[in-house]
Amino acid sequence: LDHVLKQIAGKKQMNTVEKTSKDWEGFKETDQTLQDDLERTAQSKNAYLVKQDFLNRVDQRKFELEKVERDRDRSRR
């Protein structure tokens, strides 16, 4: 039944985002130097996501410390 439905539906058209993603992956695979550079940059201290993760951890830690302080003040009352 699934096979018949697939034949009736025909081929799925690839949209622009899917095609671009496929092309980019193919291009990266052909150039090992580029692939190594991209991986190294993604892990460097200047990477955007690394900075965002660090800032989120700092913010979370500040919140936890402030919460402990608030709880301590409440318990004194």
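The values are calculated or read from the model by the stated rules, or taken from the named source; none is laboratory data. Since this is a predicted model, take the numbers as computed values, not measurements. Ligands, DNA and RNA are excluded from the accessible area calculation, which covers all protein heavy atoms including side chains. Shrake-Rupley method; radii C 1.70, N 1.55, O 1.52, S 1.80 Å.
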(request) Match the structure shown to one of the listed values [x] 1.38; [y] 1.15; [z] 0.97 of Rg/Rh (Cα atoms, Kirkwood Rh), computed from it, and give that label. (result) [x]
(request) Please report how many Lys pairs in the chain have alpha carbons closer than 19 angstrom, counting only residues at least 8 apart along the chain or sitting on separate chains. (result) 5
(request) At 1.4 Å probe size, with every protein chain present, just tell me what the per residue accessible area of the chain comes to in Å². (result) 100
(message) On a 1.4 Å probe surface of the protein chains, which of S21, S75, S44 comes out largest in accessible area, and what is the full order?
(response) S75, S21, S44
(request) With everything on Cα atoms, drop me the angle between helix 32-43 and the longest principal axis of the chain, reported from 0 to 90° to the nearest 10. (result) 20
(request) Express the carbon and sulfur contribution to the solvent-accessible surface of the chain as a percent, rounded to the nearest whole number, probe 1.4 angstrom. (result) 54
(request) Could you order L5, L38, L49 by accessible surface area, starting with the largest, using a probe radius of 1.4 Å? (result) L49, L5, L38
(request) Relative to the longest principal axis of the C-alpha atoms of the chain, give the angle of the C-alpha long axis of helix 16-30, reported between 0 and 90° and rounded to the nearest 10°. (result) 90
(message) Can you tell me the orientation of helix 48-76 relative to the chain, as the angle in degrees between its alpha-carbon axis and the longest Cα principal axis, to the nearest 10?
(response) 30
